[in-house]
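Some notes on the structure that comes next.
The values are calculated or read from the model by the stated rules, or taken from the named source; none is laboratory data. Just so it is clear, the model here is predicted, and its values are computed rather than measured. Every residue, glycine among them, receives a Cβ derived from its backbone with ideal geometry; neighbour counts consider all protein chains shown.
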Amino acid sequence: MIYKEKSDPQNNLFTQPTGILILENGITFEGRGIGHKGYSVGEVCFNTSMTGYQEIMTDPSYSDQIINFTFPHIGNVGTNLEDIECEDAWLKGVIFNKDITSPSNYRSLNHLDKWLQTNKIVGLCGVDTREITNLIRTNGALKGTIINQSKKIDKKFYLKKSRDWSGLKGLDLASKVSTKQIYKWDNQALWKKKDGYEINNTFKYHVVAIDFGIKKNILRNFSNLNTRVTVVPINTSFKTIVALKPDGVFLSNGPGDPAATSKIVNSTIKQILINKIPVFGICLGHQLLAHALKCKTKKMHQGHRGANHPVKNIKTSKVEITSQNHGFEVVRKSIPKDVEVTHVSLFDNSIEGISYKKSIAFSVQYHPEASPGPHDSNYLFNQFINLIKQNAKKN
């Protein structure tokens, strides 16, 4: 089955395809190739966010994925040097409904197409992104190959590429995106319109963040709360972490299958819990904490990706509109008695937060740092700092 976009002079579309998405089931979407010339293989997912495309594309949690944006106008505010969550872009490709428009924003420094080329991201536009989204909702996550080239495309060759790729299940991708050496965050705090990112040099607490693909805005939120952050690689030992004298340990977001990554960090997280050091986890960090607490995870049918996901805080009964990006979830039936569910999704009732009754540890599946997304859940950073304060008083 082939879906073709008809020529539309007003939208600068075309009849001769230069870009194609070939899914593992043989369905092909033809359009115009943008960004980097070449091809990439990955899991095709969709994101429902209306803003923040640059933050989304620089989120390491999208490693080995091709993002299908449901919002039709992507690129209209251009790109800049501030709205990035990681220096490297780990995703495999992007799909847009409309051609990229000329940027119209006072902060823009570059056209999105140029930014895609610089970051070697293959793109495709002029396709029916709603149809791709419906396919994923019906069939679940699909493997695919995205191609941007002017010469004739060998569809059979790229279909085989899609089918031969292993998929995300069983893949530890956090080791690939994690920092390779210990470093101190530069104390950059949250962005303000007049001043940009401020530097905060006032510290009351010290947090060690284990990097599974950490986003910069998480680090900025800690700096904003007078907290110094030391970021360590995924394979850092408990002995090394303790030697840094942290007041708390943060487990970051990241890509891949948590069951695979857990094999690397499970022992370290367990030792942190035994020694009653305050722990806070986000996204993959939430799943890895769950594994350390003897829970299981599984791959979701389509995942949660967007900045408009409602989550209920069970303790307060309040609903938070959240930013999300994950394709795995904690299995409810596997949760032991000493683990409490604190948040649930109002989309599908999946687990969005847990706390450990025997220690000072909690985590959420979504992204309270936003970037992009609403700030309803920003209170969780303060919750972690309060845990650190309480623990310091005990000791």
**Asked** What is the number of the single condition among (1) at positive phi; (2) assigned to a strand (DSSP E or B); (3) aliphatic (A, V, I, L, M) that Ala370 does not meet?
**Response** (2)
**Request:** Take Leu159 and decide whether it is buried (at least 16 other Cβ atoms within 10 Å of the Cβ), part of a loop (DSSP other than H, G, I, E, B) and out of contact with any His (no Cβ under 9 Å at 6 or more places or on another chain).
**Result:** no
**Item:** Every residue from region 130-156 that is assigned to a helix (DSSP H, G or I) and either free of Cβ contacts under 8 Å to residues at least 24 places away in the same chain or on the phi > 0 side of the Ramachandran plot (or both)
**Value:** Asn134, Thr138, Lys156
**Asked** In region 205-232, which residues are within 20 Å of Cys86 (Cα to Cα) and in contact with a Lys or Arg (Cβ under 6 Å, 6 or more places away or on another chain)?
**Response** Thr230
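Yes/no per residue for (1) more than 19 Å from the chain's Cα centre (by Cα); (2) of a type in the set (Phe, Trp, Tyr); (3) modelled with pLDDT under 95:
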{"position": "Lys6", "(1), (2), (3)": "yes, no, yes"}
{"position": "Leu23", "(1), (2), (3)": "yes, no, no"}
{"position": "Tyr39", "(1), (2), (3)": "yes, yes, no"}
{"position": "Phe71", "(1), (2), (3)": "no, yes, no"}
**Request:** Keeping to region 335-350, report how many residues are more than 14 Å from Ile321 (Cβ to Cβ) and out of contact with any Phe, Trp or Tyr (no Cβ under 9 Å at 6 or more places or on another chain).
**Result:** 8
**Request:** Please find, within region 363-395, the residue that is nearest to the chain's Cα centre (by Cα) out of those that are crowded, with 24+ Cβ neighbours inside 10 Å and at pLDDT below 95.
**Result:** Ser371
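The rows are residues; the columns are (1) crowded, with 23+ Cβ neighbours inside 10 Å; (2) touching a strand residue (DSSP E or B) at 6+ places or on another chain (Cβ under 6 Å); (3) outside the structural domain of Ile199 (by TED's automatic domain parsing); (4) part of a helix (DSSP H, G or I).
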site: Val229; (1), (2), (3), (4): yes, yes, no, no
site: Pro246; (1), (2), (3), (4): no, yes, no, no
site: Thr261; (1), (2), (3), (4): yes, no, no, yes
site: Ile277; (1), (2), (3), (4): no, yes, no, no
site: Gly281; (1), (2), (3), (4): yes, yes, no, no
site: His286; (1), (2), (3), (4): yes, yes, no, yes
site: Gly303; (1), (2), (3), (4): no, yes, no, no
**Fill in**
Counting only residues in region 68-82 that are in contact (Cβ under 8 Å) with a residue 40 or more places away in the chain and of a type outside the set (Ser, Thr, Tyr), the one surrounded by the most Cβ atoms within 10 Å (Cβ to Cβ) is identified as Asn68
